[in-house]
Structures are given as structure tokens and as C-alpha cells.
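One structure is given below, encoded as C-alpha cells.
The values are calculated or read from the model by the stated rules, or taken from the named source; none is laboratory data. Computed from a predicted model, the values in this text were never measured in an experiment. Cβ atoms come from the backbone with ideal geometry, glycine included; neighbour counts cover every protein chain shown. Accessible surface is based on the protein model in full, side chains and every heavy atom, while ligands, DNA and RNA are left aside. Shrake-Rupley method; radii C 1.70, N 1.55, O 1.52, S 1.80 Å.
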Amino acid sequence: MTPQWDAIIIGSGFSGLAMAEQLRREGSLRFLILERDQRVGGTWRDNRYPGCACDVPSHLYSLSFAPKADWQRRYAGHDEIHNYLETVSLPLRPHLRLGATVSAARYDEQQHCWEVTLQSGEVLTARFVMAGLGPLNRPRLPDIPGLASFSGPCFHSMHWPENFSLAGKRVAVIGTGASAIQIVPAIAPVVSRLLVFQRTAPWVVAKGDRSYSSWAQRCFRLLPGWRRLYRAWRYTAQEMRGLAFLWPALMRPVEIMALRALKRRVRDPELRRKLWPKGTMGCKRIMLSDDYYEALQRPNVALETEGIARITPTGVVTRAGETHTVDAIVLATGFLHTQTPERPLIQGRGGHSLQSTWRTRRAAYLGTAVAGFPNFFLLAGPNSGLGHNSILFMIEAQVHWIMKAIKAMNRSGARTISVSEASYQRVVTEMAQRSRHTVWQSGCQSWYLDEQGCNTTIWPGLSAEFWLRTRRFNPRDFNLEHHDRH
Ligand code: NAP
């Protein structure tokens, strides 16, 4: 049986679109992108809370094959990034199926192809499956007693209701992570009262955001070499920071600078005490903000650090017994990342699911290939995230490597390719060993770590090393199988 498609890509966020565009450029593959929503964009479609923006420079947080000279700001906002993704998707429209939710993907060992089942019941077949499922799309809802009893609007930061205004309302924001520190400054000027519930004080560093002048944008447009140089400089500056994540002692000077800035920016000693971060900088994501501390010092804003005892129909009760009456609650409490989602169910050889393979440890060769899952590639999979640089750099490196792997397989006449068990286990060991002395395992709780406290999210090296490793496909690490044609 000839499969209907050469490749099926699941998801149309940055990774799905980058993969699809590469396939389109190669021109040889019949491929389909399946997107559950009615619009492309992944995380940048789903997250549209007030203040939503990227904390990676815009000229770097863009795909190398789709340069954009006219970024409005040094750090782009949500709308501009989502519009950019829509533009990137335009040539891919003929390959895109919207509203197509994948419920399962199963490797057919007789036909040596993948059977992809949609929620509608339709079954599609493909030689390859590339999964760009996105690491941050399942909200982590806090387990606070009484949460469900709250009578007003209460939603996760990713589920911000459309056309919903908090103007004049008393609002509680729970959490002080990367989402919350963008939401707080954006809503503080419009709400009547804002209570920010902090559990752990984050490390905050000035973002240095500003708009690009029309002159700068013209230079980027007219001088593509200059734009490329600027992007390379931005990349190098970000990459240098990576060293401190690998050798936490190097974080100390940055910590001292951040604490000095905290002293300068926050005048009230009591508030400053509450905001004083503990633990090593970088253990959790470093917050970049020019206006978070300032927003907390507005007269209508208060930082609550007592901890939440329970939620009532009308407000939040702290562990100290204080009751705060609020009209709305924003849960900026992060995402379930290291728990493998139940759906789509991905079944490889012998009916083993990705979910069961990852029960002991999430891992993938170069964040993309898993033993027992032939012709299947993850995008932005385990240990290919970054805390210091652009994730898009990693995704593009993976995409190029996947193309190399497919070409090597085609050249050899093989029908399937899968990472060998030995190579896969080598990756599991390497990631665990290399993560041991990094900042991510220096003692804090973060979404980078699995239940055993092991970093299964972030690449424990410089992104340049990852890029170097993806330059070459090493056939010795793979099983290339020929199988007789049926
Ligand atoms: P997060 O970084 O995981 O932060 C969640 C926050 O909620 C933390 O402050 C956490 O406190 C708090 N929290 C969780 N459960 C709680 C509970 N039961 N009671 C009180 N507080 C609770 O989540 P996020 O802010 O949504 O960001 C997630 C990731 O998304 C980021 O790390 C980043 O990779 C990405 N992101 C990126 C950008 C960007 O600009 N590129 C922007 C937003 C998000 P603890 O710290 O004590 O656990």
C-alpha cells in the first residue's frame, strides 16, 4: 500500500510551519499540516493576554528563511508575532487543514507507515509524521481549595476571554512567572485594584525594550547584510549568557546587578524585601521587564506573599486569614509541560505509546527521534528548549537535521529510519549527566524538571553546540531498514 501522504505535520505553530516550509522548498514531498484550531500560530495564537510579548529579541525570534525588516520593537508584541506567523503560513495554505484534531497516530508495522486518526474518525496514512505539538499548551491549574466556587470570571492566562475588559474591576493575579510579569503592568493602569499573589520572588532583569525608528527599519530593509549582521550580533550576545547557565558561579555578577537595580527601582523596603529573589538566577526562567517593579508600586497594586489558603465565591483568603474581595481571578500559574499529554496517543512499534516510553524519562535524540518510533520526528522535543536564546534557532536546526535524515534514508533505499535503542539510551544518560551541575538543577522547582528533579526540557549546552551536532546525520546511530515491498 502506498501511503496517502509522504509526511503529515501535526500543529501549525512555529515548529510545524518551519518544518512544512522546508518540505515545500525541497519540493519533493507530498505533505499535509493538521491544525486543530481554525487559525495557525500555536502558542502565539492561544496566548493573547494583555501585555503578551516575546522576551527574545524580535530579529532573533523570527525564522531565518522569513526575515522581517520592519519589526516595530526590539521585543515584538503578540499581534506582530502572530501576524508574522500568518504571513509565513501563506505559501503553505494548500497543505494546511484547519479544524483537524489528531486523536491518535499509530505506526503500522505491516505497511511501514503511519496511520493518523482525526477526532472526526477520518484516518490518513503517511510515510513520516512530524509532531510540532508545542511544549506549553496545557494550563496548570492550581490546586487551591474553593477555586471552583469563585463566582466571577476566573481563567488561566492562556484562556483570556475575547473582548473581555478588566477595567474598573478588583482583580487577583496568581503567579509571578513570565506570563504574569507581562499581564500585571498591562492591566494595572485600568483595574481599580490589583492583588498579585507571589509564591516565589522571580529574578527580574531590565528588558531594554524600545521601538525601532523608521530609519532603522529602512536600513534593515535596504541593507539585508546589515540586518543579518545585527541578527548574528543579537544571537552572539544571547549565546554568551548561556555560559552562566552551565556554570552557575558566572551568574553571580548578573545577580549583583539585578539586586542593585531592585534597590534602585523599588524604594519601599518592605516591598523590596518581598521581591528579593532567593536561589540562583536562571534556575527558573529569568524575567525580562522594564515595568513590572514599577507596576507593583502603583497605589492600586499590592503584592501578597502570605500564600493562599482558599478561594471563596467572592475572593481570596490568605494563610494569614486576610480576605481579599475581588471581581476576577487570573491564573498565571504556568503549564503542564513535563507530563506527557494523553492525546494524541502516539503508538510506535509493538503498540508501545510515547506516553509509556516516557513514563520513566522523557528523552529524544537531538530532541526529535525516539527509539521504537520509526519515521517519526518531534519538533522542540525533550532537552531542546533554551533558557538563554531563541527556541526558533533550535527548531530550525532540528528541521534541517530531519531533512538530512530523510535524504540519507532515501539514498540508502531504506523505507524506515529509527534511532537505535543504544543511541537513545546514550542520550538519556548524557542529558542527565550534563544537567547535573547546571543552574536548572541548582535546587529550585521549575517546569524544566521532571518528577525526579531531572532537567528534561532545556538543552544542557550552548545552542551553537546543538547546531553543530545537527549539521551531520550519523547513520551509525540509526536503524535504516529496507523491508520488502508489499
Ligand atoms: P511559570 O513560569 O511556570 O510561572 C507560574 C507562576 O505561577 C509561578 O510564579 C508559580 O510560582 C506560580 N504558581 C503556580 N502554582 C501556584 C499556586 N498553586 N499558588 C501560587 N502560585 C502558583 O508560567 P508562565 O508564567 O505561564 O510561563 C511559562 C513559560 O512560558 C515561561 O517559562 C516561558 O518559557 C514561556 N513564556 C514565554 C514568554 C516570552 O516572553 N517568551 C512569555 C510568557 C511565557 P512558583 O515560582 O513558586 O512555582
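At a glance:
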| item | result |
| --- | --- |
| 3 or more residues hydrophobic (A, V, I, L, M, F, W, C): qualifying strands (runs of 3 or more DSSP E) within region 115-195 | 123-131, 170-174 |
| Members of region 121-162 found to be within 12 Å of the ligand (Cβ to nearest atom) and polar (S, T, N, Q), listed by number | 137, 157 |
| Meets criteria (in contact (Cβ under 8 Å) with a residue 40 or more places away in the chain, exposed (fewer than 13 other Cβ atoms within 10 Å of the Cβ) and not assigned by TED's automatic domain parsing to the domain that holds residue 74) for residue 224 | yes |
| Region 258-290 - residue that is open to solvent by 40 Å² or more (accessible area, probe 1.4 Å) and under 26 Å from residue 77 (Cβ atoms) and, of those, nearest to the chain's Cα centre (by Cα) | 285 |
| Conditions (1) open to solvent by 20 Å² or more (accessible area, probe 1.4 Å); (2) within 17 Å of residue 275 (Cα to Cα): number failed by residue 201 | (1) |
| Flag if residue 85 is within 23 Å of the chain's Cα centre (by Cα), modelled with pLDDT of 95 or more, within 16 Å of the ligand (Cβ to nearest atom) and open to solvent by 20 Å² or more (accessible area, probe 1.4 Å) | no |
| Residues of region 14-33 classified as surrounded by fewer than 24 Cβ atoms within 10 Å (Cβ to Cβ) and not charged (D, E, K, R), total | 6 |
| Tally, over region 320-379, of residues that are within 16 Å of the ligand (Cβ to nearest atom), assigned by TED's automatic domain parsing to the domain that holds residue 119 and acidic (Asp, Glu) | 0 |
| Matching strands (runs of 3 or more DSSP E) fully within region 245-349 where at least 1 residues are closer than 30 Å to residue 125 by Cβ | 345-347 |
| Contacts under 6 angstrom Cβ, first residue in region 310-325 being of a type in the set (Lys, Arg), partner in a strand (DSSP E or B), 6 or more apart | 310/317; 319/309 |
